[in-house]
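Engineer: Here's a structure for you.
Read-outs throughout are calculated quantities, based only on the coordinates presented, and are distinct from any laboratory measurement. The structure displayed is predicted, hence computed values, not measured ones. Cβ: placed from backbone, ideal geometry, glycine included. Neighbour counts: every protein chain shown.
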Amino acid sequence: MNKRILLATLLLLPITAFAHPGHGAHGLMDGFIHPFSGWDHCIEMMAVGLWAAMAKGKNQVAIMGGFLAGMLLGGVLGMSYAVPGYIETAVAATTLAAALLVVLALRLPVMVQVGLTVLFAVTHGLAHGAELPHAASALSYGLGFMLASSILLSTGWAIGRKLGSEPRQRKLGLLLAVVAGGFIAS
């Protein structure tokens, strides 16, 4: 298929972030499956992994580790406190922002990169913590969720490393940004 036709189709396609409708989750497998069930999860975590792959050495691990820590913190906060009504919009915005960081190939101090990814992850974690059904085991669901999130981050990182060159990484970031932009448009 012609790349221009594919891009035009994606730009015209209204996309909804269906990642947070509760899902009646109860345990480890539900938590593991959940991150793969929504485009916003996949794009955000792939973009953060890709952005980490563009960093140097140990900074890569710090960026991805910060994201996972932020997700965990946000989940705990979301279970404990009221979450603002605009959280889904915030999730969509952070997803687009993560993809744009790849497109722009921003080279920031590692603490700024980690801080941004923590902010993105806390936003996602808040949404999940708030929607965790009362009957669910927060511990087993959370373990599955964190494992799947680690896989998605690592996949983004591995793809970024495989692509090798910054222009190729930025092109993938652009595709992720186009899809993420559909979340906000819908």
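Engineer: What angle do you read, to the nearest 10 degrees and between 0 and 90, between the alpha-carbon axis of helix 87-104 and the longest principal axis of the chain?
Structural biologist: 30
Engineer: Assuming a viscosity of 1.306 mPa s and a temperature of 10 °C, what translational diffusion coefficient in µm² per second does Stokes-Einstein assign to region 25-185, Rh being the Kirkwood radius over Cα pairs?
Structural biologist: In µm²/s, the coefficient rounds to 103.
Engineer: Here is a follow-up. Is there a quick way to get the dipole size of the chain? I mean about its Cα centre, with the Cβ of Lys and Arg at +1 and of Asp and Glu at -1; what is the value in debye to the nearest 20?
Structural biologist: Here the chain has a charge dipole of around 920 debye.
Engineer: May I ask for the angle, rounded to the nearest 10°, between helix 58-80 and the longest principal axis of the chain, with both axes built from Cα atoms and the value confined to 0 to 90°?
Structural biologist: 30
Engineer: Set Lys and Arg Cβ to +1 and Asp and Glu Cβ to -1, take the dipole of the chain about its Cα centre, and tell me which of Leu72, Ala185, Pro167 lies farthest positive.
Structural biologist: Pro167
Engineer: Can you give the calculated 222 nm mean residue ellipticity of the chain, where each DSSP H run of n ≥ 4 adds -39,500 (n - 2.57) and the sum is split over every residue, rounded to the nearest 500 deg cm²/dmol?
Structural biologist: Taken over the chain, the calculation gives -25500 deg cm²/dmol.
Engineer: Could you order peptides 50-62, 155-167, 93-105, 113-125 by the average number of other Cβ atoms within 10 Å of their residues, highest first?
Structural biologist: 113-125, 93-105, 50-62, 155-167
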